[in-house]
Amino acid sequence: MDQEWRNFFEGFEFSRTDFLKKIYKRSVEGLPMSQLRINPQKEIAVSNLIGAYRQRGHMFSKTNPVRPGREHEGPIVLENFGLSDPDMDTEFHAGEGIGLGSATLREIHEFLEQTYCGSIGVEYKFMRTIEIIEWLEQKMESCRNTPNFSREEKIDLLRKTNEAVAFENFLHTKFVGQKRFSLEGGESIIPALDTVVEFGAELGVQEFVIGMAHRGRLNVLANILGKTYNDIFAEFEGKGFGEDIFAGDVKYHMGYSSDKKVRKEK
């Protein structure tokens, strides 16, 4: 390599080294001697590890209880960040960024795995509003993304899930071969939407407008908006409307509006 280009790239390395020295100086100011064993490069590596879990942790979450998820390139492993097993019991101040305070790499790693690679995968870093991003991180990291439901809440979630499953099973048995855009495999959207409506009512929301996809539309009509089974099944059989009104093969593609009283009488 020509000396001119060598000097050019050495400038990058000098800038990086100078930056790390400044970070180190700021990190040790005011600390007692017992806490001055700080490796600025390692601290930055741990911060980068935290950022990687926030950015890409959802790709490695365990959302399928039946089989392992797909393998993705660039797994989040310590070696990719300049960290290794000997660092596991070293304390890092970077843990303060996730609410752990000064913590060992082992504690930080376990926290990140549980929060971002558990049974809930959250992709949120694409958003442009920093306040929303920080709000989501605070909500997820404060409980390690593990909601704590009461017994009554668990019963309500199970009830709505059962309603969704029973509805799909009946349609599959009664209307074999009919185009119905099944929700099978995604029934959890029903208790999720129900929770949104219930909690929204507590916050004073008086109206919800749902732009529903084809998949799961009938289930949402029945179990969230309260459209009667009789009306839905009649549309399946072509009994609800004259042939001059609908000529397609999906006669139930219509809007629906209803008044719904939530559990807290709102």
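What follows draws every value from the coordinates through simple rules; no lab data is involved. It should be emphasised that the depicted structure is a prediction, and the values quoted were computed from it without experimental measurement. With ideal geometry, Cβ positions are generated from the backbone for all residues, glycine too; neighbour counts draw on all protein chains shown.
List of remarks:
- Highest average packing first - 169-182, 220-233, Cβ atoms within 10 Å: 220-233, 169-182
- FRET efficiency for Glu91 and Lys154, using Cβ-Cβ distance with R0 set to 45 Å, rounded to 0.05: 0.75
- Kirkwood Rh in Å, taken over all unlike Cα pairs in segment 151-236: 13.7 Å
- Listed values for segment 146-162 are Karplus-derived 3J(HN,Hα) couplings in whole Hz (6.51 cos²θ - 1.76 cosθ + 1.60, θ = phi - 60°), namely 10, x, 10, 8, 6, 4, 5, 5, 5, 5, 4, 5, 5, 4, 5, 5, 4, and x replaces Gly and Pro.
- Note on Thr173 and Gln206: their simple-model spin labels are 4.3 nm apart, each label 7 Å out from Cα toward Cβ.
- Cβ-Cβ distance of Val197 and Gln41, R₀ of 41 Å, FRET efficiency by 1/(1 + (r/R0)^6): the value works out to about 0.25.
- Links that overshoot a 20 Å alpha carbon limit, given the list Lys160/Lys227; Lys139/Lys160; Lys227/Lys261; Lys42/Lys62; Lys125/Lys160; Lys174/Lys227: Lys139/Lys160; Lys42/Lys62; Lys125/Lys160
- Rotationally averaged projected area of segment 39-142 (alpha carbon convex hull; nm²): 7.0 nm²
- In this structure the amide hydrogen of Phe92, modeled in the peptide plane, comes within under 5 Å of the amide hydrogens of Ala103, Thr104, Leu105, none closer than 5 places in sequence on its chain.
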